[in-house]
Amino acid sequence: MALRFFNTYSREIEEFEPRDPTARPIRMYTCGPTVYSRAHIGNFRAYIFEDLLQRHLELRGYKVHRVMNITDVEDKTIRGAREAGVPLQKFTEQFKDAFFEDARTLRIKRADEYPAATDQRYINRMIEMISALISKGLAYQADDKSVYFRINKFPDYGKLAHFDLTQLKSTGRVKHDEYDKEHIGDFALWKAWDEADGDVKWDSPWGPGRPGWHIECSAMSMALLGDEIDIHCGGVDNIFPHHEAEIAQSEGVTGKKFVRYWLHCAHLLVDGQKMAKSLGNFYAVPDVMAKGYTGRELRYALLRVHYRVPLNFTWEGMNEARESLARVDEWLARLREIAKSGNLQHPTANPTTAFEDALDDDLNISAALGFLFESIRETNRAMDQNEMDAASANTWLEWWKRINTVLDLEADTDVAIPGEVAQLAEQRENARREKNWKRSDELRERISALGWEVRDTKDGSKLTRGARNA
């Protein structure tokens, strides 16, 4: 099956055809964090979708050159640095470090480059682009000394978001909307310096100032990936104005189609509501880890719903993620035992390509995971009936190894079980052999209080890390 993705620009499922599949890797740009605070799990839902996309492209034989930007200069980072009384770079550095730490926790592959907007080489590129847009009549300097893009001179403006430009209102991202711009939708390319910016400024032909949010991504993408890229990703909240502006700026400079495929991830909700600090439902990755969950459990919870469907995060869902992964762990352990046995008497059916085919269809992870767990049920049934031989077990293990390059959900092998927990588990096993069920239940409770869960399986009791206070 050919790869097919939903292109936000056309609002249609399209067969994936790279611009030049033989000459160079797939060029992929993903909008990264704005480092004024720690990224939350809604942000990481999008980053995990992008990780899944890259991994599946690589599974299908493509090489991928992925760039993810770091937005370290804009209104919120400047305000945060000013309120903290520290330089901008020092203020943003802590949140950059936190982002990379959380990405490692969630097993997200590193991009090839993480350009920062404050890097002088990209500032220079932004200034070059703005100058080109002014020379073409697509931008102008207003009375406030800032430079704005003239949207009425770009006929395709609004086509990504599919709306009428007459409905445009201020986005809140552009300061000084009270100045006399030619059109309320004209967005800032270069923001003139004012006292609130402190020492955050760069020299330019239009006076001291700083780049607008939108031009940063265009400049960094074009500098590292060229004038035309294959895939651009982000959350649905990026469609307008950010990605709409990127198209206008980039194509306004080059006259070439900037992006072939636009892919956007739907919002994450918490208990059916928008995540907000005021509602007490705002979670960063460490908040989830503090409940006793692991990075792979959160990865599974954020991965398992199709990227274009809103994901409702709940603690019940986290427990379901844990249970699902425990099923995978037990299945793999049983397969490995049989693979070592040398039994060659009962071959079973080999895996099909249904998992990969599901992901070919616009990254249908729900269908892909459905096939995984149906396969687990069928092969467990075969193992229960002693109908699985070593060769078949090895075949299934090789299949898992292949699909896990996309999922990256296998348990860490270096997670040590604390001695006290192991001792309680042994005592519980003895109680079960003696059919002392009351004692067995008491020991289960003590194990749970220490942050571990015990599961009784056909192959004996298994310990997994549990959630505290979830």
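The values are calculated or read from the model by the stated rules, or taken from the named source; none is laboratory data. Since we're looking at a predicted model, the values are computed, not measured. Please note: Cβ atoms are built from the backbone with ideal geometry, for glycine as well, and neighbour counts cover all protein chains shown. SASA here: full protein model, heavy atoms, side chains in, ligands and nucleic acids out. Shrake-Rupley method; radii C 1.70, N 1.55, O 1.52, S 1.80 Å.
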- Within segment 432-449, which residues are open to solvent by 40 Å² or more (accessible area, probe 1.4 Å) and either among the hydroxyl-bearing types (Ser, Thr, Tyr) or over 23 Å from residue 294 (Cα atoms) (or both)? 432, 433, 434, 435, 436, 437, 438, 439, 441, 442, 448
- Message: Criterion first (farther than 30 Å from residue 382 by Cβ, out of contact with any helix residue (DSSP H, G or I) (no Cβ under 6 Å at 6 or more places or on another chain) and either in a helix (DSSP H, G or I) or open to solvent by 10 Å² or more (accessible area, probe 1.4 Å) (or both)) does residue 278 satisfy it?
- Response: yes
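Within segment 313-336, is even one residue β-branched (Val, Ile, Thr), more than 14 Å from residue 45 (Cα to Cα) and either open to solvent by 10 Å² or more (accessible area, probe 1.4 Å) or part of a loop (DSSP other than H, G, I, E, B) (or both)?
Going through segment 313-336, the residues β-branched (Val, Ile, Thr) turn out to be 314, 328.
Restricting the remaining residues to those that are more than 14 Å from residue 45 (Cα to Cα) gives 328.
The next check asks that each one be either open to solvent by 10 Å² or more (accessible area, probe 1.4 Å) or part of a loop (DSSP other than H, G, I, E, B) (or both); those that pass are none.
Checked segment 313-336: no residue is β-branched (Val, Ile, Thr), more than 14 Å from residue 45 (Cα to Cα) and either open to solvent by 10 Å² or more (accessible area, probe 1.4 Å) or part of a loop (DSSP other than H, G, I, E, B) (or both).
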- Task: Mind listing whichever residues of segment 198-221 are open to solvent by 10 Å² or more (accessible area, probe 1.4 Å) and in contact (Cβ under 8 Å) with a residue 12 or more places away in the chain?
- Result: 198, 199, 200, 202, 204, 205, 206, 207, 208, 213
- Test result for residue 57, more than 24 Å from residue 241 (Cβ to Cβ), crowded, with 17+ Cβ neighbours inside 10 Å and under 11 Å from the mean Cα position of the chain (by Cα): no
- Query: Taking interchain pairs and intrachain pairs at least six residues apart, which have beta carbon atoms under 7 angstrom, with the first residue in segment 258-279 and among the polar types (S, T, N, Q) and the second surrounded by fewer than 13 Cβ atoms within 10 Å (Cβ to Cβ) and not in a strand (DSSP E or B)?
  - Reply: 273/279
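Can you find even one residue in segment 455-470 that is in a helix (DSSP H, G or I) and at pLDDT 80 or above? Steps first, answer last, please.
Quick first cut of segment 455-470, residues in a helix (DSSP H, G or I) only: none.
Checked segment 455-470: no residue is in a helix (DSSP H, G or I) and at pLDDT 80 or above.
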- Subset of segment 366-392 that is modelled with pLDDT of 95 or more and among the aliphatic types (A, V, I, L, M) - its residue that is nearest to residue 57 (Cα to Cα): 368
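Just to check your reading of the model, which residue among 174, 200 is at negative phi and at pLDDT 95 or above?
Details: 174 fails: at pLDDT 95 or above.
Answer to the check: 200.
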- Query: When segment 63-95 is examined, which residues are found to be touching a residue at least 60 places away in the same chain (Cβ under 8 Å) and assigned to a strand (DSSP E or B)?
  - Reply: 65, 67, 71
- Note on the structure: Pairs returned, first residue in segment 5-18 that is within 15 Å of residue 238 (Cβ to Cβ), second residue that is basic (Lys, Arg) and surrounded by fewer than 17 Cβ atoms within 10 Å (Cβ to Cβ), beta-carbon separation under 8 angstrom, 6 or more apart or interchain, are 9/159
- Message: Within segment 226-249, does at least one residue satisfy the condition of being surrounded by 21 or more Cβ atoms within 10 Å (Cβ to Cβ), touching a residue at least 60 places away in the same chain (Cβ under 8 Å), out of contact with any strand residue (DSSP E or B) (no Cβ under 8 Å at 6 or more places or on another chain) and more than 22 Å from residue 39 (Cβ to Cβ)?
- Response: yes
- Message: So in segment 408-431, with the set limited to residues that are modelled with pLDDT of 80 or more and under 30 Å from residue 52 (Cα atoms), which one is surrounded by the most Cβ atoms within 10 Å (Cβ to Cβ)?
- Response: 409
- Selected residue [over 22 Å from the mean Cα position of the chain (by Cα) and either among the β-branched types (Val, Ile, Thr) or open to solvent by 60 Å² or more (accessible area, probe 1.4 Å) (or both)] from 83, 93: 83
- Looking only at residues in segment 101-146 that are among the charged types (D, E, K, R), within 25 Å of residue 185 (Cα to Cα) and open to solvent by 20 Å² or more (accessible area, probe 1.4 Å), which one is farthest from the chain's Cα centre (by Cα)? 143
- Message: Among the listed residues 440, 448, identify the single one that is assigned to a helix (DSSP H, G or I) and under 36 Å from the mean Cα position of the chain (by Cα).
- Response: 448
- Task: Identify all residues within segment 149-162 that are farther than 23 Å from residue 190 by Cα and open to solvent by 70 Å² or more (accessible area, probe 1.4 Å); write none if there are none.
- Result: 159, 162
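Within segment 265-274, identify whether any single residue is within 28 Å of residue 371 (Cβ to Cβ) and surrounded by 22 or more Cβ atoms within 10 Å (Cβ to Cβ), and answer yes or no. Can you show your working first?
Step one: filter segment 265-274 for residues within 28 Å of residue 371 (Cβ to Cβ), giving 265-269.
From what's left, surrounded by 22 or more Cβ atoms within 10 Å (Cβ to Cβ): 265, 268.
Yes, the conditions are met somewhere in segment 265-274.
Which count do you get for residues in segment 26-62 that are of a type outside the set (S, T, N, Q) and part of a loop (DSSP other than H, G, I, E, B)?
Pass one, segment 26-62, residues of a type outside the set (S, T, N, Q): 26-29, 31-33, 35-36, 38-42, 44-53, 55-62.
Checking the rest, the ones that are also part of a loop (DSSP other than H, G, I, E, B) come to 31-33, 35-36, 38-39, 60-62.
The number of residues fulfilling the criteria is 10.
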- State which residue is farthest from the chain's Cα centre (by Cα) when the search covers only segment 178-197 and only residues that are open to solvent by less than 40 Å² (accessible area, probe 1.4 Å) and aliphatic (A, V, I, L, M). 192
